[in-house]
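Q: Sharing a structure with you now.
What follows is calculated from the coordinates using simple rules that are stated; it is not laboratory data. Quick caveat, the model's predicted, so the values are computed rather than measured. Reconstructed Cβ throughout: ideal geometry from the backbone, glycine too, with neighbour counts over all protein chains shown.
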Amino acid sequence: MQIYIDKEILGKGGNGVVWSVENNKSELFAKKTIKHYKKTIHYKRFCDEIEVIKNNPHIGVIKIVDYYIPETASKKTPYYIMPIGTPLKQCLPIFQLEKIWNFVVKIIDTVQFLHNKEITHRDIKIENILVVDDYPTISDFGLANFPKQKRVSRLNEKIGPIFTIAPEMRRISSVAEYKKADVYSLAKTVWVILTKKWTSFDGQYNTHSSISLKNYVDLKINESTNFGEPNYFSLVVLDKLLFDATHNDPDKRPTIQEFKERFNFWLESNDNYQLRNRIEWEDAIRKMYPISVPLNSKWENIEEIKDILEIIFRNYDNLNHTFFPYSGGLDLIDIGIIKINSKKYLMINNEYFLEPECLYFESMNDFSWSYFRLEVKTNMSFFGKNIHRNEEMIYIDDSMNIYEKKVKNSKSINFILQSSFLIVQKTANINSLKGKLDHYMGIHNKMTNDEYKILLQKIKTSANN
């Protein structure tokens, strides 16, 4: 039998101790021992752990190099030898973003491998993930469940990690669906990896609370970035995955295969602007209408108009494109309300202000053809000068005082006197129309909303045939 000399303690758990050890070739390994090996339940779990690891080799499962299990109780302590790994928790602060994402993919792959073998880990948490040879490996299979295993856990015994345990494992672990419990723990572990908040969160994931990923990651919204550089551009798909995977009802959680597919789809959509723009446009509209998306809507209150437009201007990266009344267009990314002479106006992009008449939404029964139309109330100019195509250029200071000419601490801004703006998904079909239907020529502004909607329906029908 190989001799291993204990060097130092690497870690302690409820039932075992992990040592750094050296063999007679001066090679370093980690040795896991069991504390209370004379107690049947602990001894049996330790033997099960060795069996499940030894019989299911995988790059993402910690490898057993050697082991010793006395057939009868003796003074010699059972142990197994494994490679020395670095806790993933220690590595994350120095990992680049793309590597972190790749590690998550590999961890998911390993859990899928286990589930395909009808093995459930039941103790998935970041503390049980080690980096060995630059690969994330799942360790500590002391609570694992696998085929032909004799029952060791007591009825209704609470099984699993304290911070990532599925709710049913706290209550009725003996009859719980272990695969769905693993998915729950995996989802919370993914959140921990991405946020580097080691204690996870209680309950179901919620995007409208302090645990939302957007509060922890550097989400790029309407910002300049270096081409090809990994960044968080969209969380829509990932948020929904974490919400579903941490559902209190195990039946409503995805399987590990579905979890893998959806996480990979998030990676794809986050990196693919065309794809995520379509997803986020639909998400924005469903935020406005959480129950059911209507055929059309109309708002006249300036506060409500601001709140609706704020969703598509501020909350998503490069979501919209807006066609101007006469020619051209730009992306609107900021909106607010200002007061000039006690009257409220919408301020857009800190470049334009206007008094809204109303805001229309038309779903067109197809998100890719849907649009918002902002009608501007007709106004008299302030000074009667510097007017071009129903826009008056004036100057404004921080106190919202307006001037005909530039004064100290003032900036130029355009007052929209009348007309309408058309706001669409940036990659919308409308945005690609050419010739007489080119919207950069302000085609929408030459007709009422009802007339434009009829025209667009004809264009849509023609495009679909």
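Q: Please report, in debye to the nearest 20, how large the charge dipole of the range 86-271 is about its Cα centre when each Lys and Arg carries +1 at its beta carbon and each Asp and Glu carries -1 there. Don't skip to the end; give the middle numbers.
A: On the way: 25 positive and 24 negative charges, 164 e Å.
Dipole about the Cα centre, nearest 20: 780 debye.
Q: Just name one of 129, 384, 30: the one whose Cα is farthest towards the positive end of the charge dipole of the chain (beta-carbon charges, Lys/Arg +1, Asp/Glu -1).
A: It is 30.
Q: Where does each of 433, 242 land when they are ranked from fewest to most other beta-carbon atoms within 10 angstrom? Write out the running numbers ahead of the final one.
A: Numbers: 433 16, 242 26.
Ranked by crowding around the Cβ, least crowded first: 433, 242.
Q: Of all beta bridges DSSP finds with both residues in the range 294-464, what is the antiparallel percent, to the nearest 5? It would help to have the intermediate numbers written out before the result.
A: Numbers: 42 of 44 bridges.
Beta bridges within the range 294-464, antiparallel portion: roughly 95 percent.
Q: So, one more: Quick check on the chain: helices-only [θ] at 222 nm, where DSSP H runs of length 4 and up contribute -39,500 (n - 2.57) each and the sum goes over total residues. Nearest 500, please.
A: On the way: 10 runs with 133 residues, N = 465.
Value at 222 nm, helices only, nearest 500: -9000 deg cm²/dmol.
Q: Here's something else I'd like to know. Return one quarter of the surface area of the convex hull spanned by the alpha-carbon atoms of the chain, equal to its mean projected area, in nm².
A: On the way: hull surface 119.0 nm².
Averaged projected hull area, Cα only: 29.7 nm².
Q: In the chain, what percentage of the DSSP-assigned beta bridges are antiparallel, given to the nearest 5? Write out the running numbers ahead of the final one.
A: Numbers: 69 of 73 bridges.
Once the DSSP bridges in the chain are tallied, antiparallel ones form about 95 percent.
Q: Shifting gears a bit: What ranking do 17, 111, 105, 183 get, fewest neighbouring Cβ atoms within 10 angstrom at the top?
A: On the way: 17 17, 111 24, 105 14, 183 28.
Listed from fewest to most nearby Cβ atoms, that is 105, 17, 111, 183.
Q: Now, a different point. Rg and Dmax of the range 86-271 over Cα atoms: what are they, in angstrom?
A: When restricted to the Cα atoms of the range 86-271, Rg and Dmax are 16.4, 58 Å.
Q: Could you tell me the relative contact order of the chain? Use alpha-carbon pairs under 8 Å, at least six residues apart, and round to a whole percent.
A: Working: 817 pairs, mean separation 40.8, N = 465.
Here the relative contact order equals 9 percent.
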